[in-house]
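Encoded as structure tokens, the structure appears first; notes follow it.
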Amino acid sequence: MRSGTDRLRHAITFELLGLMLCVPLASGVTAQPLLHTGVLALVLSLLATGWNYLYNLLVDTLMLRHLGRLEKRWGERVWHALGFEGGLLLVTLPLVAWWMEISLWQALLLDLGFALFYLIYAFFYNLAYDRLFPLPAH
């Protein structure tokens, strides 16, 4: 299982790289100032970082308990990314609607667009992270 330090490195680097990619994209898509989208992105990033830590701890615990391993197969990586984004979407939707002063429906469409971005990003980020920082032997 990964150490707390490793999980922290994983979560922080995921969010920092994600912000560098996402804030300019969000500003362009919404035609909102970079600062406005940047503040929202930072708050969402803090929420996502906490969720990332908890979610990955839960997934690793369940995988070890039920499968006897931590290594994810391709299909498990897909479910891992979908579960992460789905859980995060439930929390962020009302916040996005309020901050952007848009309806929940518009916020859902916007959030789904960025969830798709982060879904793909999370899949490849986690694959790269596991290659750069392999799991310790258990």
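The values are calculated or read from the model by the stated rules, or taken from the named source; none is laboratory data. Everything quoted here is computed from the prediction, not taken from an experiment. Please note: Cβ atoms are built from the backbone with ideal geometry, for glycine as well, and neighbour counts cover all protein chains shown. These area figures cover heavy atoms from the full protein model, side chains too; ligands, DNA and RNA do not enter into them. Shrake-Rupley method; radii C 1.70, N 1.55, O 1.52, S 1.80 Å.
Quick check on packing: order 123-134, 84-95 by the mean number of other C-beta atoms within 10 Å, highest mean leading.
84-95, 123-134
Show me, bin by bin at 10 Å from 0, the whole-percent P(r) of segment 87-138 based on Cα pairs.
24, 35, 21, 15, 5
If DNA, RNA and ligands are ignored and the probe is 1.4 Å, what is the ranking of His66, His36, His10 by accessible area, most exposed first?
The most accessible residue leads, giving His66, His36, His10.
Could you work out the pair-distance distribution P(r) of segment 2-61 from its alpha-carbon pairs, with 10 angstrom bin width and percents rounded to whole numbers?
23, 44, 23, 10, 0
Using label points projected 7 Å from each Cα along Cα→Cβ, tell me how many nm separate Leu25 and Trp105, to one decimal.
2.6 nm
Gap in Å between the Cα centre of segment 25-74 and the Cα centre of segment 87-138?
Segment 87-138 and segment 25-74 have Cα centres spaced 5 Å from each other.
R0 = 30 Å: FRET efficiency of Trp98 with His66, Cβ-based, nearest 0.05?
It comes to 0.20.
Just the number please: accessible area per residue for the chain, 1.4 Å probe, all protein chains included, in Å².
Normalised by residue count, the accessible surface of the chain is 59 Å².
I'd like the carbon and sulfur percentage of the solvent accessible area for segment 1-137, probe radius 1.4 Å, heavy atoms only, ligands and nucleic acids excluded.
It is 76 percent, rounded to a whole number.
Just to be sure I understand: if I project the alpha-carbon convex hull of segment 52-128 onto a plane and average over all orientations, what area do I get in nm²?
That works out to 5.4 nm², a quarter of the Cα hull's surface.
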